[in-house]
Every structure is written in C-alpha cells, then in structure tokens.
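Beneath this line is the structure, given in structure tokens, with notes to follow.
The values are calculated or read from the model by the stated rules, or taken from the named source; none is laboratory data. Small disclaimer: the values here were computed from a predicted structure and weren't measured. Heads up, the Cβs are rebuilt from the backbone with ideal geometry, glycines too, and the neighbour counts pull from every protein chain shown.
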Amino acid sequence: ETGVTQSPTHLIKTRGQQVTLRCSSQSGHNTVSWYQQALGQGPQFIFQYYREEENGRGNFPPRFSGLQFPNYSSELNVNALELDDSALYLCASSSTGSTGTAEAFFGQGTRLTVV
Amino acid sequence: AQSVTQLDSQVPVFEEAPVELRCNYSSSVSVYLFWYVQYPNQGLQLLLKYLSGSTLVKGINGFEAEFNKSQTSFHLRKPSVHISDTAEYFCAVTRSGGYQKVTFGTGTKLQVIP
C-alpha cells in the first residue's frame, strides 16, 4: 500500500465528453506525475506538477490538462475524449527537494473506457 | 532523451526455476534505472532501483538486477521463482538527479508454470 489514492477506479465516458480524474498524494510528498498506460503498453508520461505548477510534459495534446492543489492532491482533465484515450491512468507521488526528486510511488490507477 | 527496450514480451518459466528478464536502455546522460512489477488490475510497485554505487542491486521478493554501463543493460534476475511472481514487469529509466519524466519499457509478462 503506497498511500497514493486515485478516484474513481473505473469510468466509462462517451467520445467527445470531458473527464476529471483525481489523485491524493502520499503524506509529505509535494510532486505528482500522471501517466497513461494503454492496453499492452508501458506507462507514458503525461505531465508532472510541483508546487502547483506544471513541471514537465510528455507528448500529449493540450486537451490533457492538470491541476495541483495546495494540499498537493491533483486532477487530470481530458477534454474532447477520443476512443484512443481509453487506458489506465496512473498517478505517481514523490518528494522534490534540493537534491532532486526522490522515488515515486504509484496509485492503483483509474481505468477509463471511452465508447 | 532516454529509451528502454525490453527484449522479451513474454517469459514462461517453471516454478522454482531461475529467471532473467532483459532490459537495455539508451541515454546520452547519466541515468537512474528501475524495475516495477504490475499485478492484474493494479498500479505499479517498485521492485528495485539503481541510482549510483554498487552495480548489483537487490530488491524486494528476492529479485536483483545488475547495472552494466558498457552494455547499457539492467537485467532482472531471480534464482527461484514462485507462482506469485506471475505478473508484468517494467524496466524504466530517468535522467539522474530527477524524477521529472520516467520512461518505461513495453513490459515483460512473466508466467510461472506450476
């Protein structure tokens, strides 16, 4: 048990809709990263948030956006859903300090199905 | 940029036999290397990591890996597997000094046969 919780665990949406996924980071962690894991693939980095600012982004379009709140929890928003957005979305929590970012702990993921 | 290649998509092995899951990486800078395990419908659990120092890294559940800089490899090994080791294993890399972006391989499914 990592202490990183994601909600909801499963979600079904229709193409064109918008979705918000949530992540509560582990106590003491100030950095949250989001990953997309399509079926049969490894996780792909979407973006990272540190101190409520985006701190790095992978190769994902602008319709993927995020927020980090003062308590370091985070949201991933996806607009104009496409069928290919169907995937497991993983949140990873870590602690960033003067020496860089330490090990990341992953949540159980949210399984998004777009129909 | 970094990349990871996991050479085997599936590895069947009999219970109590040894196993090696292969991983090669590419990077123009120093890296940190990781192995994660994913059980069905679960998130990722860290097995072990190489940050610096000894090239032989021991992790949880009896797994170990060896960092080989000249061959740019980080193969995962276990001397005797158990049924409960059946899962998918991901090798991952990030630029040393940070966790800003972790690049994962495509995974290796380990199937332990009773």
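So, in the stretch B:22-54, exactly how many residues are out of contact with any His (no Cβ under 7 Å at 6 or more places or on another chain), farther than 26 Å from A:Gly3 by Cβ and surrounded by 17 or more Cβ atoms within 10 Å (Cβ to Cβ)? Of the residues in that region, 4 qualify. Scanning the stretch A:11-32 for residues that are touching a helix residue (DSSP H, G or I) at 6+ places or on another chain (Cβ under 9 Å) and assigned to a strand (DSSP E or B), we see that the one that is surrounded by the most Cβ atoms within 10 Å (Cβ to Cβ) is A:Val19. Selection of strands (runs of 3 or more DSSP E) fully inside the stretch A:42-87 by the criterion of at least 2 residues being charged (D, E, K, R) and modelled with pLDDT under 95 returns A:53-57. Of all residue pairs spaced 6 or more apart or on separate chains, those with beta-carbon atoms under 7 Å, a first member in the stretch A:63-92 that is within 14 Å of chain B (Cβ to nearest Cβ) and a second member that is surrounded by fewer than 18 Cβ atoms within 10 Å (Cβ to Cβ) and part of a loop (DSSP other than H, G, I, E, B) are A:Ala87/A:Ala38.
Yes/no matrix, rows are residues, columns are (1) touching a strand residue (DSSP E or B) at 6+ places or on another chain (Cβ under 7 Å); (2) loosely packed, with under 14 Cβ neighbours inside 10 Å; (3) within 13 Å of another protein chain (Cβ to nearest Cβ); (4) over 15 Å from B:Val11 (Cβ atoms):
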position: B:Gly59; (1), (2), (3), (4): yes, no, yes, yes
position: B:Phe63; (1), (2), (3), (4): yes, no, no, no
position: B:Phe67; (1), (2), (3), (4): yes, no, no, yes
position: B:Val81; (1), (2), (3), (4): yes, no, no, no
position: B:Thr94; (1), (2), (3), (4): yes, no, yes, yes
position: B:Lys101; (1), (2), (3), (4): yes, no, yes, yes
position: B:Gly107; (1), (2), (3), (4): yes, no, yes, no
position: B:Leu110; (1), (2), (3), (4): yes, no, no, no
